[in-house]
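Here, each number is a calculation from the coordinates, and none is a lab measurement. All values reported here derive from a predicted model rather than from experimental measurement. We place every Cβ from the backbone using ideal geometry, glycine too, and count neighbours over all the protein chains shown.
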Amino acid sequence: MKIIITEDQLKMLTEKIDDEKVICDNCGWSWSLMDGGDDPLTCHKCGHINEEKEFIGERVMVYYNLHKHTFSIRDKKRVLLHADYVKLKNVEFRVRKGGKEKVRSEMQKNVHAFVIGDLVDYCKYPCENIPSEPNDEIITYNPYKYDSFVYKNSEEPIYNAKEIEMINLKNKLFVINEIRYR
């Protein structure tokens with residue numbers, strides 16, 4: 001049997017930091033932790049910082065990445081990480097009108113719909129223990145059918161929520177605590 005993994009998955013598998021040695025998760029180069037100087041976790045070959053930053057509490061934008069088949073979590077400037085499970089509070093569902101119109105006119109998807117909120121919890125991609133669907137309050141968005149995110153059962157628009165969970169399964173987005181206002 002052959003197992004095929006992506007380059008990003010290989011980097012995650014090869015990243016290692018222990019008491020004695022650091023292996024860069026970007027280029028694979030290794031060095032002794034004691035020989036790292038003032039910044040022992042920064043790779044002296046490629047400059048990559050080999051420590052995982054904790055993003056809990058930060059205001060983030062999340063979207064489903066169609067190429068990686070998982071969620072991309074980003075700040076205002078860049079993608080911070082990819083995750084199969086994301087929990088947010090103080091949530092806003094935002095659809096950019098120009099992006100939605102471009103999808104409809106060109107019939108080609110682009111990133112224009114986000115779930116924005118304060119990051120409570122996440123499980124990085126690939127996540128081994130994805131939680132099960134918490135309830136039947138499923139939220140969806142289809143740029144060809146809706147102008148906003150909607151409740152899947154009623155097709156009623158949703159713009160805000162107190163707390164949501166995003167789970168990389170068949171149904172992706174669930175409201176835990178809701179706010180019903182525009």
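Some observations on this one:
- Using alpha carbons only: equivalent-ellipsoid semi-axes of region 59-178, gyration tensor based, whole Å: 21, 17, 14
- Environment charge at TRP31 (Cβ cut-off 11 Å; Lys +1, Arg +1, Asp -1, Glu -1): 0
- Packing-based ranking, highest mean first, of 71-81, 117-127, 97-107 given that Cβ atoms within 10 Å are counted: 117-127, 71-81, 97-107
- Relative contact order, whole percent, for region 59-178 stands at 28, derived from Cα pairs under 8 Å and 6 or more residues apart.
- Residues with amide H under 5 Å from that of ILE176, placed H, sequence gap 5 or more: GLU163, ILE164, GLU165
- Pairwise FRET efficiency - LYS89 versus MET34, Cβ, R0 = 35 Å, nearest 0.05: 0.25
- Inter-centroid distance (Cα atoms) of region 68-84 relative to region 102-120, Å: 13
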